[in-house]
Amino acid sequence: MKYFFHIAYKGNRYHGWQRQPNVLNVQEVIETAMGRILKTPVTIMGCGRTDAQVHATQFFFHLEVDKGWDFDLLFRLNKLLPPDIAVFEIIPVTDSQHARFDAMQRTYDYFIHTYKDPFLSESSAFYGERNLNLEEMKRGAELFTRHKDFMAFCKSPAKYKHTICNISSATLFRDAAGDRIRFQISANRFLSSMVRTMMGALLEIGRGNFTVEEMGSCIIAKELPEFITPAYPQGLYLSKVNYRYLNIPARTEFSAVFQNTEVDWVTL
């Protein structure tokens, strides 16, 4: 029997999703909790990976078991897991369905605030710059949809068979005051540190240190200049995962608290 688990987590304490030795990670915390409840070792498969300190307001993993359970696993799991990991739903699926390989599209959001705010420090990235050229940053974001090979934005391209990504949308938003920025991007797949490096490039464009045309040339050349560095991890969220057979809206009441999405975002 196979089940999909619809979850979310706040990533600040974790060294990413994937199980790794000697560091705290989301996968191991969930596997340990489920193993205690089911009284057997458990291995789960996530819909992807997130970097250290990156959040997910929507994430799926699957679990295969020989037989189901006759108790409220959702309640017990949420009671045992730490407050920064939440399980929303447990969904029975067929044996052929796969949380990672069947995901057709993933969406990431990156949040920036340009004023110091202690209540945003763990859920948005602070860049104290009030004079970013948002129109040029918008042009840069739109450029991503016109390219396919994103080796230039990949931290470890050698571990992939190829670095082709089909980006369906890339949009920049601001709040009404213009001091908070949101970058949203959707694609069939993402490479390691790709979105954070894209955001780092857009920030350099906004500062006037890099042009949209230079970035286009770097994408073609498959290499960025050394001064382009990934943006801070705490501003990044995996926010939506779509399957052909499963398209569940993100839990908006959860996301509103986590991402402060009650802000009236204006498309640039």
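Table for the structure above
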quantity	calculated
Carbon and sulfur %, accessible surface of the chain computed with the full protein complex present, 1.4 Å	50 percent
Mean separation of Cα contacts under 8 Å, 6 or more apart, over the residue count of the range 6-137: relative contact order %	25 percent
Per residue accessible area in Å² of the range 1-92, where ligands, DNA and RNA are left out and the probe is 1.4 Å	48 Å²
The range 26-78, Cα convex hull volume normalised per residue, Å³	93 Å³
Gyration tensor verdict on the range 79-164 (Cα atoms; rounded if a/c is under 1.5, prolate if a/b is larger than b/c, oblate otherwise)	oblate
Size descriptor, Kirkwood hydrodynamic radius, that averages inverse alpha-carbon separations across the range 142-260, Å	15.6 Å
Contact order relative to length of the chain, as percent, for alpha carbon pairs under 8 angstrom and 6 or more apart	24 percent
Rounded to the nearest 20 debye, dipole of the chain from Cβ charges on Lys, Arg, Asp, Glu	540 debye
Whole-Å distance, taken between Cα centres, linking the range 153-212 and the range 50-119	23 Å
Among [x] 17.2; [y] 14.7; [z] 13.4, the entry derived from the coordinates for mean projected area of the Cα convex hull in nm²	[y]
Packing-based ranking, highest mean first, of 156-167, 75-86 given that Cβ atoms within 10 Å are counted	75-86, 156-167
Share antiparallel - DSSP beta bridges, the chain, percent rounded to 5	90 percent
For the chain, calculated [θ]222 nm from helices alone, where every DSSP H run of n ≥ 4 adds -39500 (n - 2.57)	-7000 deg cm²/dmol
Mean projection area, nm², convex hull over Cα of the range 102-148	5.1 nm²
Volume per residue of the C-alpha convex hull in the range 1-124, rounded to whole Å³	115 Å³
Ranked by how many other beta carbons lie within 10 Å on average, peptides 223-235, 180-192 from highest	180-192, 223-235
Value of relative contact order over the range 84-159, rounded to a whole percent, pairs C-alpha under 8 Å and six or more apart	17 percent
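The values are calculated or read from the model by the stated rules, or taken from the named source; none is laboratory data. The model shown is predicted, which means the values in this text are computed figures rather than measured ones. All Cβ positions, even for glycine, are placed from backbone atoms using ideal geometry, and neighbour counts span all protein chains on display. Please note that ligands, DNA and RNA were not included when accessible areas were found on the heavy atoms of the full protein model with its side chains. Shrake-Rupley method; radii C 1.70, N 1.55, O 1.52, S 1.80 Å.
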